[in-house]
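Here the structure comes first, spelled out in structure tokens, and everything after it is commentary.
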Amino acid sequence: MADWFEDDGFWTKMYPYMFSEERLETTQHEVDGIFTLTGFQTGQVLDLCCGPGRHSILFAQKGCQVTGVDRTPFLLKKAREKAEEEGVAVEWVEEDMRRFSRPETYDLTLSMLTSLGYFDDPQEDMLVLKNLYHSLKPGGICVLDMMGREILARNFHDTVSEKHADGSILVQRREILDGWGTLRNERILIENGTALTYSFEQRIYSGQELRESLSRVGFHNITLYGNLKGDPYDHRASRLVAIGWKSK
Ligand SMILES: C[S@@+](CC[C@H](N)C(=O)[O-])C[C@H]1O[C@@H](n2cnc3c(N)ncnc32)[C@H](O)[C@@H]1O
């Protein structure tokens, strides 16, 4: 049976919720934050699991040469259309994050909006981090952004629902498994009286686990932040952001 993240229907149906107008509007601030926190100025950028390309396109608009990699054709199509509309060139690659690796090519690599933790085998997450490391030039920078375990624990609700302008309702049910190692999600989308249910599990990282994982693949000077404004990863954090460097 295919894994949940290989279900194109999931990404297609979740698209309006996952990539809401509100989220698209925050992207510019996220990109500004990445420039400020890393000191990165320009060069080759890899946006791994780029989805509809919201970060890729903004980096390209800043003059960077960008590769956006994702496994979901529907999202890559959205990304291509948006890049065309904005008149920017981005290299879009349809590939699995466990397989994409281009040794010593990039100055900056990104993994944004909790794009890690999808695989049953934790070694596959490590493989993704190794790929990011190998794809960086010496001195290159890696930025990861995700929902950290501490944040999830602080704000935990087992059921939340949102109603959208078109009348659809998205119900999200959550369960903690493996002693806070795994988050089980059930998303029920109710549209025109019909309910569609998607169930999936994700590995959840604490700040220290993410730092250790990055360190194990070779990154150094790893700093954790609680958002892309550069606030500390503490009890007020809204995101788990990790930035690490590859040695020169
Ligand atoms: C939560 S979205 C994040 C999208 C984007 N980074 C952003 O911030 O808007 C996760 C993305 O990972 C992609 N994805 C899921 N599994 C993948 C895999 N095995 N290899 C490559 N991409 C994958 C999905 O298609 C989706 O675009």
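Here are a few things to note about the model shown:
- Residue identified as under 25 Å from Asp32 (Cα atoms), of a type in the set (A, V, I, L, M, F, W, C) and part of a loop (DSSP other than H, G, I, E, B) among Val88, Val93, Val143: Val88
- Residue within the stretch 62-83 that is closer than 22 Å to Leu116 by Cα, buried (at least 24 other Cβ atoms within 10 Å of the Cβ) and aromatic (Phe, Trp, Tyr) present: no
- Among (1) over 22 Å from Arg203 (Cβ atoms); (2) near the ligand (Cβ under 9 Å from one of its atoms); (3) in contact (Cβ under 8 Å) with a residue 40 or more places away in the chain, the one test that Glu94 misses: (3)
- Unique residue being more than 16 Å from the ligand (Cβ to nearest atom), assigned to a loop (DSSP other than H, G, I, E, B) and aromatic (Phe, Trp, Tyr) when the list is Phe156, Phe100: Phe156
- Among (1) outside the structural domain of Ile222 (by the TED database); (2) surrounded by 13 or more Cβ atoms within 10 Å (Cβ to Cβ); (3) assigned to a loop (DSSP other than H, G, I, E, B), the one test that Ala165 misses: (2)
- Residue satisfying condition, being in contact (Cβ under 8 Å) with a residue 40 or more places away in the chain and either closer than 19 Å to Arg203 by Cα or within 18 Å of the chain's Cα centre (by Cα) (or both), within set Ile141, Ile176: Ile141
- Residue match in the stretch 97-120 (condition: more than 21 Å from Gly140 (Cα to Cα), in contact with a strand residue (DSSP E or B) (Cβ under 6 Å, 6 or more places away or on another chain) and without any contact (Cβ under 8 Å) to a residue 60 or more places away in the chain): no
Here is a yes/no grid of residues against (1) of a type in the set (Ser, Thr, Tyr); (2) in contact with a Lys or Arg (Cβ under 6 Å, 6 or more places away or on another chain); (3) not in a loop (DSSP other than H, G, I, E, B):
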residue	(1), (2), (3)
Gln202	no, no, yes
Ser213	yes, no, yes
Asp234	no, no, no
Val241	no, no, yes
Ser247	yes, no, no
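The values are calculated or read from the model by the stated rules, or taken from the named source; none is laboratory data. Fair warning: this is a prediction, and the values are worked out from it, not measured in the lab. Because the Cβ atoms are built from the backbone with ideal geometry, glycine has one as well, and the counts that use them run over all protein chains shown.
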